[in-house]
Every structure is written in C-alpha cells, then in structure tokens.
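Enquirer: The structure under discussion is supplied below as structure tokens; questions concerning it will follow.
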Amino acid sequence: MGLKPATNPDVEAAIIELNIDGKTVTAKDGVSLYDVISITGKIIPAMCYHYTFDPFGSCGMCLVMQEGKKAPVRSCTAKAAAGMIIRTEGEDLFLARKKAVEKHLSVHPLDCPVCDADGHCELQDMAFLHGVTNLANAKQKFIPEDTRSPVLDFNMNRCIACAECINVCKDVLMIDALQFMKKGGFNQVVPKGDVALDCEFCGDCLAVCPVGAITNKFSKYLYKPWQMKKTVTTCNYCGDGCQMYLETKDAEVIRVTSPLSWKNKWGDRSETAKGHGGLCVRGRFGFEYLDGKTRLKQPLVREGNQLVAKPWLEAMHLVADRFAEVKRRHGGDAIAGLITARCTNEELYLFQKLMRAGFGSNHLDSSARYGHLNFVHASRHAVGLGRTPNDWEDLTNAKAILLIGSNITETNPLTAVRIKEAIRVYKAQVVTLDSAVTNMAKLASHPFLIKPGTEGLVIDGLVKATIDQDLVDEETTHKHLQSFEALKAAVEGLSLEQLSSQTGLSTDAFKEIAAMFAESPRSIILCAEGIVRRTNGYQNVLKLIDLAWVTGKLGRPGCGVNTVTEEPNEQGAVDMGVAPEFLPGQARFDDAATRDRFAKVWEASLPAVGTGAHLIEILKRCRSGQIKALYVLGENPLATLPASMEVRAALERLELLVVQDPFLTETGRQAHFVLPACTYAEKDGTYTNLEGRVLRVRQAMDPIGESLPDWHIMTALADAMGCRWEYQSANDIQAEIMKLLPGYYNLGQPRKVTPTPDHYLTNGYIAEVTARYRSMPGSGERNRPFALLMGQLLMHSGKMSTEAPGLIKIAPNTGKLRMNAEDMERLGLQDDAKVRLTSERGSLQLGVQPDQSIAPGTCFFPEHFNEPPVKDLMTVSVDAVTGVPAFKQTWVSIERV
Ligand code: SF4
Ligand code: SF4
Ligand code: SF4
Ligand code: FES
C-alpha cells in the first residue's frame with residue numbers, strides 16, 4: 001500500500017482538509033484515512049489494522065461512508081484526500097460491521113473458556129460491541145494446533161486471517177517468517193515453507209494477534225488476564241532499554257508483554273521512528289530466571305570448603321567486620337569492587353560512594369570496562385561527549401548509515417529494527433563492514449565482508465579515500481586548517497591498494513563508501529563490539545570521529561558517531577562514576593572542585609588522586625597481594641575473562657571475597673560470603689539506555705527468598721561500617737543524585753547533546769593524529785589459518801540469559817564451534833565431527849557445526865557459554881589509554897581428530 005509516513009525529513013506532505021462527521025479536519029495528504037479518523041479521537045473498529053505497518057484491509061470492520069460512493073469503504077486502506085466527506089457512524093455502518101463480526105464468528109471455535117486471549121480478545125470485544133448473540137450456525141474448523149515452535153503455538157481454528165502477524169514480521173521486522181497457506185480448505189498462517197518456525201522469536205506476531213490464534217508456550221493455560229498484575233518496567237538484557245510489561249500472578253512471573261499490541265493500534269506513523277514498541281526474544285521470553293529454581297535465597301558463609309546458609313544479620317555482621325578489619329590493617333587501598341551494569345543508576349551511584357566514602361578506595365570498575373569505556377573516552381577526548389550523540393529517531397531518519405564491527409541484530413535487536421525502518425521506509429543506504437555475514441548485511445544496500453581484525457585498517461582506508469577524492473567539507477576543515485593538514489599528512493603514506501589486500505575491501509568499495517557517507521545529508525556511524533571490544537578500540541573510535549569531522553558530519557543534525565551498549569546500564573555506570581577515572585556526572589576524579597563538592601555532600605574525604613585501579617589492574621593487585629578484599633556485585637570475572645588473566649589465582653589470594661548476586665556464580669563459589677541479591681524485577685530504580693534516556697525500573701514482585709535489592713544491602717553494609725546512611729528507598733538515593741547532577745533524570749526523553757570538536761582540534765590533535773594512522777595491526781598478527789571470534793547470540797545476553805530456561809530451550813549450548821560450510825567441507829568435517837582447536841594459549845577438543853553467518857576463514861563460539869572453555873584460548877590485550885581488555889578474537893588452527 002505504501003502508506004508509511006507521508007512526511008519524512010526530506011519530504012513534507014501537503015496539508016489537506018477533509019470533512020469527518022461534519023467537522024473539518026486537517027491531515028497530511030496520502031496518509032491512511034483510518035489514521036486521520038483516529039487522530040480526531042474517534043475510534044472505529046479495526047481488526048486487521050495497526051499503525052506500525054501497512055494496512056491489509058481484510059477484516060471489513062473499519063467501514064465508513066464516503067460521499068460520492070455507494071458502498072462503505074475500508075478506511076484503513078483508503079488514503080486521505082482533500083475534500084473527502086466522510087461519515088463514520090450510522091445504523092447502516094453498524095449493521096455492516098456487525099455482519100463482518102458474524103462472518104468471523106461463524107467459523108470460530110468459541111473455546112473462549114480455555115483460550116489464552118479470553119478477556120483480552122478483539123473478536124470478543126467486537127461481538128459484544130455489536131450485540132452478536134446468535135451463533136447457531138457457527139462451524140468448527142478442526143485444524144490441529146501447530147506446536148512445533150519452541151515458544152509459540154499456532155491455533156488456526158481461532159485465526160481471523162487478519163494478517164497482522166505476517167505483516168509485522170515482514171514489514172516492521174523484515175524477517176518475513178510467516179505466510180498464509182491454503183490447508184484443509186482454510187487460509188492458515190504457517191511458518192514459511194510450513195516447517196517448524198525458525199525465526200528471531202521476537203514474539204511481535206503474538207503481540208499483535210487480536211485473538212488467541214498465536215499463544216505463548218511459557219504462559220499457556222496459566223492465567224486469566226484479569227488475575228495478573230501488570231508492571232511497566234525496562235528490560236534488563238541490553239542497552240536498548242525497551243519498555244515492557246512484566247505480568248505476575250501471586251509470586252509468579254507469567255509473561256512479558258509489550259507496548260506493541262493489537263490493543264494499541266492507533267498512532268501517528270511518523271512516530272514509529274522513535275520505536276515500534278516491540279521486544280526481542282530476550283525481553284519477551286527470557287523472564288523465567290526471575291523466579292527460577294536456581295535463585296539464591298539466603299546469605300551463604302564459607303565454612304571450610306563449604307558455603308553454608310546463615311541468617312542475614314549474622315552474615316552482614318561478619319562481612320562488615322571483615323571489611324573493617326582489612327581496612328584497619330591495610331587501609332582502604334587494600335579493598336576493591338566490581339559491579340555489573342545490570343544494576344540501577346541508584347545502585348551504581350551508591351556502589352561508588354560506598355567504595356570511596358565508606359571503604360576509602362578508588363579501586364572500582366563496572367562491566368562498561370569491557371568495551372563501552374573505549375567509546376566514552378575517545379568521544380570525550382575528541383568531541384567532549386561521553387555518550388552517543390544520536391537517538392533512535394536520528395537513526396531511523398538517516399540517509400546513510402555506516403555500521404562497522406556490529407552484529408546489531410544479535411546485540412541490540414531493537415536498535416536494529418530502527419535501521420530496518422531506515423532502509424524500508426526512508427530508503428537509507430546502509431553499509432555493513434564486518435567479518436561475519438550479519439543479519440543486517442542481508443538487508444543492507446552495501447554489505448561488505450572484511451577480514452577479521454581489520455576494522456581499524458578499513459577506517460584508515462575510508463579516511464584516505466575521503467581525502468583523496470576531495471570529499472571533505474570545506475567549511476568544517478577550513479576552520480581548523482592546520483589540523484586538517486596534519487590529518488592529510490598522516491594518511492598520505494597509506495596506500496588504498498595495500499589496505500585493500502589487508503582488509504579484503506576493494507579500492508572501489510573504499511571510494512564508494514566514502515562518497516556515499518560524505519555526500520548524504522544525514523550520515524550516521526554506528527560502531528560496536530568489533531571496534532570497542534577489540535584491540536585499538538579507543539584509537540579506532542578516534543579515527544571514525546576523524547571521518548565524521550572531515551566530511552562535516554560532526555554536530556550536524558541527524559549525523560554523528562555512535563555506539564551501542566550491550567548491558568542495560570553501561571551508560572549509567574559511567575555517568576554514575578563507577579570507574580577510577582570518573583566521579584558521578586563523568587567529572588574527572590582528579591578535578592579538585594568536584595572532589596570538594598562530593599566530599600562535602602558525602603561527609604567523607606575522597607581517596608587520593610592517582611591511586612585508583614581499573615578492572616585489569618585490580619586483578620593484578622589481587623594477585624600481587626596488594627588488594628586483600630574484593631566486593632563483587634553481579635559481576636563474574638572468573639567466567640568472563642580468559643585463563644591467561646589468572647582470575648582464579650587473583651581470587652584465591654584474597655583474604656576476603658564477597659559476592660552479591662541473584663545466582664551462585666563461578667566467582668561466587670570461590671567467595672567467603674555470598675549475599676543473595678534481587679533482580680531488576682524486585683526493585684525500583686532507573687537505567688540509562690544507549691540514547692541517554694533515563695528509564696524507570698519498577699518493582700513487579702516480592703523479593704525471592706531472603707534476597708534484597710543491591711542498594712539495600714550496600715546501605716546496610718555502609719551502616720555497619722559506621723557510615724550512617726539513611727536511604728529508605730531508591731527514591732532517597734535518586735534525590736541525592738538529583739541534587740548532585742541536576743537534570744540527569746530526564747525520564748524518558750533522550751537528552752539532546754552536541755559534539756564540540758573545536759577544543760581538541762586546536763589543542764592536541766596535531767600532536768596525536770599521526771600516530772593513530774601509523775599502526776597497522778590486523779593481518780600481520782596472523783600466524784594460524786583461522787580467526788576465532790567470540791561474541792553474542794541474539795537469544796542470550798552475558799551469562800544472565802543462561803539462567804532463563806526459555807532462552808536455553810531456543811538456543812542451548814551446543815558446545816560446538818560454528819564454522820563456514822565450505823571450510824568444513826575443505827577440512828573434510830561432517831556435522832558431528834570433532835576437532836582440535838589450538839591457539840597460542842592452548843588447545844581443546846570440541847564438535848563443529850555449520851553456520852551460514854560465519855565467513856570463510858573464521859570460526860565462532862558464543863561468549864555466553866564456558867563449556868568447553870573456548871575463552872581460555874584467547875589472548876588479552878589491554879588498551880594503554882582506557883584499560884579496556886580485548887579478548888574476543890585470536891588466531892587458531894583447526895584439525896580433525
Ligand atoms: S516471533 Fe517475531 S520473527 Fe518470529 S514469526 Fe513472530 S514476528 Fe516473525
Ligand atoms: S494468527 Fe492472529 S494475527 Fe495472524 S492472521 Fe490469524 S488472527 Fe491475525
Ligand atoms: S532489544 Fe534489548 S532491551 Fe529490548 S527487549 Fe531485547 S534485550 Fe530487552
Ligand atoms: S481494519 Fe480495515 S479492513 Fe480491517
């Protein structure tokens with residue numbers, strides 16, 4: 001139908017006037033008449049319509065009378081036009097709609113008492129609204145239920161053939177996993193090819209199905225809608241920060257639903273640029289860990305080789321005494337702390353306050369150290385911004401998107417949906433540069449496969465091609481001519497031919513990408529794990545900023561250099577000062593005025609400048625015996641870092657290891673004390689998503705067992721250490737943050753920020769720029785034939801999702817190395833073959849499986865699983881500026897055994 005927003009950043013639709021029920025209404029020319037009617041506040045029935053995708057026009061409910069036409073028209077598929085005279089009410093329309101409902105009901109099973117949609121069904125609502133009482137002629141279809149999918153069941157007896165499921169999947173998600181098929185005399189929805197559904201399992205089809213034809217396997221027959229408590233909260237799997245409804249019944253989490261729903265079908269089509277309200281598989285089906293059997297329910301205290309359950313009071317006294325003792329004997333410098341970015345802003349703030357004001361230590365870090373801090377430091381250094389400059393709307397409206405080192409559908413699926421909308425609706429040119437055949441590459445206008453580890457060289461080539469082709473923005477570069485000359489000189493010696501052979505990207509491709517990026521009015525760079533979690537991440541972000549600068553894309557509306565955050569609150573962790581280099585508000589830890597301000601509010605003196613240790617340094621000092629006590633909240637370094645980091649040795653050397661977590665983790669098993677913490681579902685607070693929106697986390701259920709929110713445990717610990725903290729709730733902590741960081745709580749709105757490159761370009765740029773184009777790592781490191789990559793799968797997030805049975809059911813650990821089918825054939829490997837995988841760090845045996853997303857010459861193992869311990873084959877390089885450890889890629893040989 002092509003009814004997607006009539007207005008986009010380049011085309012302003014004409015404003016027209018039409019008459020609806022006697023009133024003159026203005027509207028954008030060409031939008032769905034249904035949208036225009038609903039914007040006037042009039043809601044007419046519509047069972048196959050949803051504003052997020054194109055109208056289908058099958059249900060026959062949205063009928064209106066248009067002057068000049070004899071029969072009613074379907075308002076969803078009709079386009080608004082100037083001068084239309086429309087009537088939406090009247091006996092004739094009521095009867096026509098009633099007839100449509102009767103038609104649907106005449107082939108409906110009417111099994112409402114056992115249907116999951118009972119009480120939440122549009123067909124029920126419509127039957128009631130139109131007084132359909134005579135169902136004497138209703139026929140049964142007797143179609144067997146399709147239960148082949150791991151998460152969704154399809155009951156086609158209940159289907160009203162509205163195609164909403166098919167359309168959301170094809171149109172919004174661009175996955176296109178469903179189709180209609182004539183079977184048994186009826187049009188039925190089946191997975192494409194009529195095989196078991198194999199898709200991204202986002203569940204958006206379930207969300208828009210207006211009846212009970214698609215059901216959620218995990219909650220089927222467990223509830224009636226009116227029995228459930230619905231809590232609006234923020235997903236805690238990734239930095240997209242999707243809003244979701246956690247639905248609970250008594251103490252049980254029953255299901256997760258989304259703002260995207262058939263119930264929520266009216267909206268302005270251009271609003272979808274900000275998001276369509278759906279969820280991904282993790283958000284929708286990864287909830288079972290919340291009240292799962294493996295949750296910790298009591299504090300555990302080490303007695304010899306065992307961890308023994310103890311009452312909170314006893315455990316807390318012991319923990320506080322032991323910390324106090326370490327502090328008394330060795331000073332605050334002997335204590336360190338690590339915290340996960342799955343904690344709320346309020347908890348992250350409290351954690352750094354506890355470490356600094358309570359323990360007197362500046363040895364603290366969060367999971368933002370695993371990559372996000374590379375972006376934050378580079379962006380702060382070059383443009384004064386410690387976060388991404390663009391929001392989802394900018395991304396959707398972009399004309400050119402350069403996606404480098406990002407398997408975005410796997411890491412941040414809903415940000416990926418924004419890029420899909422940019423492609424589909426706004427016709428954006430999308431360039432993907434990755435060493436895997438990513439999902440987005442399949443949709444991109446310019447998909448490029450590059451050799452593993454050559455992302456930095458690719459950026460070199462793009463900057464070089466931009467300058468060689470004179471694609472620079474004169475206005476911007478003239479302002480800083482000397483800096484521009486320095487950049488020119490830095491890339492002068494580079495050869496596109498050589499870069500081409502190193503990266504696998506042709507010289508023409510370099511030139512074409514550079515031209516497209518420079519010439520587009522709105523160009524966005526999005527770099528992710530392949531940049532920020534890899535060697536030279538910091539320098540590579542700086543080079544991307546160079547590219548944006550010389551093409552005039554820094555600070556221009558809708559343009560910028562961005563990243564994504566993999567954990568939900570990595571941005572919050574940095575903003576709350578959980579890093580030795582930052583105080584809250586990303587103030588430098590050595591900034592005297594800010595230190596004074598915080599010291600006054602906290603009524604404590606801050607640790608000395610220059611003493612702080614980040615993650616890698618903390619582990620080193622644990623091994624050397626300088627750090628005696630470690631407080632670990634939600635982090636699991638033993639399961640995350642490769643063996644060469646000697647985490648076990650570091651933990652074994654400690655006098656005190658306290659782990660606070662909802663689960664007994666590998667690190668927890670080594671601890672002296674394990675304190676049971678609540679998940680995000682059992683507490684209040686906020687997360688800061690990748691756009692900088694501060695989003696509410698709301699308590700949906702009582703804490704499991706005796707677990708407590710992290711902020712509560714920290715407050716008790718601080719009090720036991722004599723701090724006299726008086727926080728009664730997360731709100732009290734928020735109030736303190738509000739005072740210290742006015743304006744931080746922008747609840748729900750992305751804060752508009754503008755990069756300011758001038759300072760760097762006039763101070764320090766010239767001295768630094770040459771060095772970043774001199775290093776040529778990548779291909780030179782190659783001394784074994786295969787690149788082994790570790791990374792994220794769509795169905796998982798860190799280790800947390802492995803506690804969610806639903807996600808494990810969809811994506812279990814196969815324990816196998818994923819390889820390109822051609823490589824497997826070349827090595828004579830069948831699907832069930834075993835191989836020996838050898839790197840500089842060691843060797844292990846495992847099975848292999850073909851995977852079409854794996855490029856030839858590479859192999860992949862999901863980072864969520866440690867069985868077998870593939871991560872231990874990785875080498876670690878630590879960024880000299882940011883301290884970010886890179887350990888997701890190495891070179892290996894693969895031999896058949
Ligand atoms: S779960 Fe998502 S990807 Fe799968 S069929 Fe439904 S909408 Fe499509
Ligand atoms: S399964 Fe549901 S959403 Fe899909 S066509 Fe049938 S009724 Fe509509
Ligand atoms: S995209 Fe991220 S935040 Fe959204 S539902 Fe999925 S995991 Fe949760
Ligand atoms: S909503 Fe228009 S035909 Fe169904």
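Enquirer: Just need the relative contact order of the chain here, percent rounded to a whole number, with Cα pairs under 8 Å and 6+ apart.
Expert: Dividing the mean separation by the residue count of the chain yields 14 percent.
Enquirer: Treating only the Cβ of Lys, Arg, Asp and Glu as charged (+1, +1, -1, -1), what charge dipole size does segment 36-91 show about its Cα centre? Round to the nearest 20 debye.
Expert: My answer is approximately 120 debye.
Enquirer: Still on this structure, I have one more. Could you list log10 I(q)/I(0) for segment 152-213 at q = 0.12, 0.16, 0.18, 0.24 Å⁻¹, which the Debye formula gives when each Cα is one point scatterer?
Expert: Results for segment 152-213 at q = 0.12, 0.16, 0.18, 0.24 Å⁻¹ read -0.24, -0.44, -0.56, -1.04.
Enquirer: From the P(r) of segment 417-478, could you give the percentage of C-alpha pairs in the tail past 15 Å?
Expert: The proportion of pairs with Cα distances above 15 Å equals 62 percent.
Enquirer: Measure of size requested: the Rg and Dmax of segment 711-780, with Cα atoms as the atom set and Å as the unit; please supply both.
Expert: So, for segment 711-780, Rg and Dmax equal 22.4, 57 Å respectively.
Enquirer: With the convex hull built on the Cα atoms of segment 491-581, state its orientation-averaged projected area in nm².
Expert: The directionally averaged projection comes out at 7.8 nm².
Enquirer: For segment 1-132, what mean projected area does the convex hull of the alpha carbons give, in nm²?
Expert: With the hull built on Cα positions only, its mean projection is 9.1 nm².
Enquirer: Principal axis extents for segment 162-256, Cα atoms only, whole Å, descending order, please.
Expert: 43, 32, 21
Enquirer: Which value in Å is the Kirkwood Rh of segment 781-844 over different Cα pairs?
Expert: 14.2 Å
Enquirer: Considering the options 441, 875, 242, tell which one lies farthest towards the positive end of the dipole of the chain, charges being +1 on Lys and Arg and -1 on Asp and Glu at the Cβ, about the Cα centre.
Expert: 242
Enquirer: Can you give the Rg to Rh ratio of segment 50-208, both from alpha-carbon atoms, with Rh computed by the Kirkwood formula?
Expert: Using only Cα positions, Rg/Rh for segment 50-208 is 0.99.
Enquirer: Roughly how big is segment 324-464's charge dipole about its Cα centre, with Cβ charges of +1 (Lys, Arg) and -1 (Asp, Glu), in debye to the nearest 20?
Expert: 80 debye
Enquirer: Could you list, bin by bin from short to long, the percent of Cα-Cα pairs of segment 273-416 in 5 Å steps?
Expert: Each 5 Å bin holds this share of Cα pairs: 2, 7, 9, 12, 16, 15, 10, 10, 8, 6, 3, 1, 0.
Enquirer: If you add up the charges near residue 478, with Lys and Arg at +1 and Asp and Glu at -1, over every other residue whose beta carbon is less than 14 angstrom from its beta carbon, what do you get?
Expert: Its environment carries a net charge of -4.
Enquirer: Hey, another quick one. Taking every pair of Cα atoms in segment 306-387, average 1/r, invert it to obtain the Kirkwood radius, and report Rg/Rh to two decimals.
Expert: Rg divided by Rh gives 1.10.
Enquirer: Considering every pair of different Cα atoms, what Kirkwood radius, in Å, is found for segment 559-637?
Expert: 14.7 Å
Enquirer: Here's something else I'd like to know. Viscosity 1.306 mPa s, temperature 10 °C: what is the translational diffusion coefficient of segment 497-646 from Stokes-Einstein with a Kirkwood Rh over Cα pairs, rounded to a whole number of µm²/s?
Expert: This corresponds to a translational diffusion coefficient of 82 µm²/s.
Enquirer: Let me check I've understood the local charge: for residue 297, count other residues with C-beta under 13 angstrom from its C-beta, Lys and Arg +1, Asp and Glu -1. What total comes out?
Expert: It works out to a net charge of -2.
Enquirer: May I pose another question? I'd like the per residue volume of the convex hull spanned by the Cα atoms of segment 592-657, given in cubic angstrom.
Expert: Dividing the Cα hull volume of segment 592-657 by its residues yields 118 Å³.
Enquirer: Next question, about the same structure. Kirkwood hydrodynamic radius (Cα pairs, Å) of segment 332-459?
Expert: 17.2 Å
Enquirer: For Cα pairs less than 8 Å apart in space and 6+ apart in sequence, what is the mean separation divided by the residue count of segment 58-139, i.e. the relative contact order in percent?
Expert: It comes to 29 percent, rounded to a whole number.
Enquirer: What distance in nm separates the two pseudo spin-label positions at residue 136 and residue 596, each 7 Å out from Cα along the beta-carbon direction?
Expert: Those two pseudo-labels are separated by 9.1 nm.
Enquirer: Between 0 and 90 degrees, rounded to the nearest ten: what's the tilt of helix 537-550 against the longest Cα principal axis of the chain?
Expert: The angle comes out near 60 degrees.
Enquirer: Expressed as an acute angle from 0 to 90° and rounded to the nearest 10, what is the orientation of the C-alpha long axis of helix 730-740 relative to the principal long axis of the chain?
Expert: 70 degrees
Enquirer: Further question: Which net charge results when you count Lys and Arg as +1 and Asp and Glu as -1 among the other residues whose beta-carbon is under 14 Å from that of residue 182?
Expert: +1
Enquirer: Round to a whole number: what % of the accessible area of the chain belongs to carbon and sulfur, probe 1.4 Å?
Expert: Of all accessible area on the chain, carbon and sulfur atoms account for 50 percent.
Enquirer: Given a cut-off of under 8 Å on Cα pairs at least six residues apart, what relative contact order in percent is computed for segment 729-846?
Expert: The normalised contact order for segment 729-846 reaches 10 percent.
Enquirer: Okay, next question. Kindly provide the GluC sites (Glu not before Pro) of segment 460-518 that DSSP labels as loop, not H, G, I, E or B, and whose Cβ sees at most 11 other Cβ atoms within 10 Å.
Expert: none
Enquirer: Follow-up. With viscosity set to 0.692 mPa s and temperature to 37 °C, compute the Stokes-Einstein D of segment 586-700, Rh being the Kirkwood radius across alpha carbon pairs; µm²/s, no decimals.
Expert: Answer from the Stokes-Einstein relation: 196 µm²/s.
Enquirer: Mind listing P(r) for segment 659-719? All alpha-carbon pairs, 10 Å bins, whole percents.
Expert: Cα pair-distance distribution for segment 659-719, in percent: 22, 41, 31, 6.
Enquirer: Next up: On full extension of the chain, what length is gained from residue 224 through residue 726, given 0.36 nm per residue of separation minus the C-alpha to C-alpha distance?
Expert: 176.6 nm is the gain from fully extending residue 224 to residue 726.
Enquirer: Hey, any idea what Rg/Rh is for segment 676-757, computing Rh the Kirkwood way over Cα pairs?
Expert: Checking Rg against Rh, the ratio lands at 1.06.
Enquirer: May I pose another question? For segment 731-875, what's the radius of gyration and Dmax over Cα atoms, in angstrom?
Expert: Computed over the Cα atoms of segment 731-875, radius of gyration and Dmax are 22.9, 65 Å.
Enquirer: Which of the pairs 399/451; 442/809; 103/809; 42/683 have their Cα atoms more than 30 Å apart in this structure?
Expert: Too far apart for the 30 Å limit: 103/809; 42/683.
Enquirer: Using only the alpha-carbon atoms, how far is helix 481-492 inclined from the longest principal axis of the chain? Give it as 0 to 90 degrees, nearest 10.
Expert: Long axis of 481-492 versus the principal axis of the chain: about 90 degrees.
Enquirer: Please report the projected area of segment 277-327's Cα convex hull averaged over all directions, in nm².
Expert: 6.7 nm²
Enquirer: Exceeding 20 Å between C-alpha atoms, which entries from my cross-link table qualify? They are 799/871; 139/192; 28/69; 297/327; 229/297; 23/79.
Expert: 139/192; 28/69; 297/327; 229/297
Enquirer: Now, a different point. How big is the chain by Rg and Dmax over its Cα atoms, in Å?
Expert: That works out to 28.7, 92 Å for Rg and Dmax.
Enquirer: So what is the accessible area of the chain per residue, in Å², with the probe set to 1.4 Å?
Expert: With all protein chains present, the chain gives 36 Å² per residue.
Enquirer: So for segment 416-553, what percent of the C-alpha to C-alpha distances run longer than 19 Å?
Expert: In whole percent, the long-distance tail amounts to 50.
Enquirer: Using +1 on the beta carbon of Lys and Arg, -1 on that of Asp and Glu, and nothing else charged, what's the dipole of segment 788-829 about the Cα centre, debye to 20?
Expert: Dipole size: approximately 140 debye.
The values are calculated or read from the model by the stated rules, or taken from the named source; none is laboratory data. Not measured: the values here are computed from a predicted model. So basically every Cβ, Gly included, is an ideal-geometry build from the backbone, and we count neighbours across all protein chains shown. To get the accessible areas, we keep the full protein, side chains included, count just its heavy atoms, and leave off ligands, DNA and RNA. Shrake-Rupley method; radii C 1.70, N 1.55, O 1.52, S 1.80 Å.
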